[in-house]
1. At least 3 residues that are of a type in the set (A, V, I, L, M, F, W, C) in each: list the strands (runs of 3 or more DSSP E) lying fully within the range 1-55 that qualify.
2. Quick check on my filter: what residues within the range 40-54 are closer than 26 Å to residue 191 by Cα and open to solvent by 30 Å² or more (accessible area, probe 1.4 Å)?
3. Restricting to the range 205-223, name every residue that is within 18 Å of the chain's Cα centre (by Cα) and part of a helix (DSSP H, G or I).
4. Do you know which residues across the range 1-25 are surrounded by fewer than 15 Cβ atoms within 10 Å (Cβ to Cβ) and either within 24 Å of residue 271 (Cα to Cα) or touching a residue at least 40 places away in the same chain (Cβ under 8 Å) (or both)?
5. Of these, 271, 304, 291, which one is over 20 Å from the mean Cα position of the chain (by Cα) and of a type in the set (Gly, Ala, Ser)?
6. Would you mind telling me which numbered condition in (1) surrounded by 14 or more Cβ atoms within 10 Å (Cβ to Cβ); (2) more than 8 Å from the ligand (Cβ to nearest atom); (3) at pLDDT 95 or above residue 189 fails?
7. Taking only the range 134-161 into account, find how many residues are within 20 Å of residue 220 (Cβ to Cβ) and charged (D, E, K, R).
Amino acid sequence: MVRENSLSPADLIWPLFIIEGEGAEQPVASLPGVSRWSVDGIVERAKEARDLGIPCVALFPNTQPEKRSDDGSEALNPDNLMCRATKAIKDALGDEIGVLTDVALDPYTSHGQDGLLSDKGYVENDRTLEVLTKQSLNQANAGADIIAPSDMMDGRVGAIRDTLEHADHHNVQIMAYSAKYASAFYGPFRDAVGSGGLLKGDKKTYQMDPANSDEAIREIAMDIAEGADSVMVKPGLAYLDIIYRAKSQFDVPVYAYQVSGEYALVKAGAAAGVGDHDALMMEKLVAFKRAGCSGILSYFAADAAKLLQG
Ligand code: PBG
């Protein structure tokens, strides 16, 4: 009766990994319980999400090595994995499920960085923006409901908003990965999209220092001013203070990405006997609601929704 917060399937966004093929499922070794699916399987997962009351899926392609290049041009192919999966879900389910597409070049570059490199190997902000806007348009044309730039380039939200407006995509939302930290918790994700082995160095020239919080507020303020409909803090649990500050200071929905390493730690902890799997999972998820989140991107989405449905 006096409980202040609750979790419902409607709070969850389910990240899904796409591979080429037909009827293909490839378990991700570092993410127990998570698989990469071919487009037909992705449509099945989207139906499962709809049936569970999950309002949105987030798509990430595992691009074949031969389609990766220095400039990540496969991101602009209207027939790439991401666009085919988006179209297939929209054809099958229409407005019954939302599709959120990730904007960044790391699933398409041969070097695993989110942007274009200078001769010296530095990720170049403004050149990257030109590609990201084209990538966003490509995804919106395929039917994406929410464009989610995860690249952390400066000025990308405004550039993407302009591009979408000029192409009459007035109703496509932007969820900005605004406060995205250069985190050690992304390892299993890079494995899942196949960029981990390619990445040399780190992403510290564009992702944030885990020691900073005022900077997160500046990043969020910029993205809102540039036209973001909602903002995201990533990773989740180690950054609940940032979520709380963002929710207190701004009047847009705030989302958390409970990232791959956070998920894998719960799995490993439960397997090691640290605690009950479902109890660990639910306690972490409701913490995001308590901190002020409107929703959570989580690899637990389907499992948690099943538990909530009883
Ligand atoms: C990259 C991207 C990353 C994640 C989502 N988009 C990893 C990175 O920045 O290297 C991580 C998600 C996760 O760990 O679950 N654009």
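1. So the answer is 12-19.
2. 40, 44, 45, 47, 48, listed by residue number.
3. Those that are within 18 Å of the chain's Cα centre (by Cα) and part of a helix (DSSP H, G or I): 216, 219, 220, 223.
4. Hits for the range 1-25 are 4, 5, 6, 8, 10, 25.
5. Exactly one residue qualifies, and that residue is 271.
6. (2)
7. The qualifying residues number 4.
So that you can scan it fast, the table gives a plain yes or no per residue for (1) touching a strand residue (DSSP E or B) at 6+ places or on another chain (Cβ under 7 Å); (2) free of Cβ contacts under 8 Å to residues at least 12 places away in the same chain; (3) within 24 Å of residue 72 (Cβ to Cβ):
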residue: 193; (1), (2), (3): yes, no, yes
residue: 198; (1), (2), (3): no, no, yes
residue: 211; (1), (2), (3): no, yes, no
residue: 216; (1), (2), (3): yes, no, no
residue: 219; (1), (2), (3): yes, no, yes
residue: 236; (1), (2), (3): yes, no, no
residue: 244; (1), (2), (3): no, no, no
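The values are calculated or read from the model by the stated rules, or taken from the named source; none is laboratory data. All of these numbers come straight from a predicted model, not from anything done at the bench. Methodologically, a virtual Cβ is constructed for each residue, glycine included, from the backbone with ideal geometry; neighbour enumeration extends over all protein chains shown. Side chains are part of the model used for accessible areas, which takes the heavy atoms of the whole protein and leaves out ligands, DNA and RNA. Shrake-Rupley method; radii C 1.70, N 1.55, O 1.52, S 1.80 Å.
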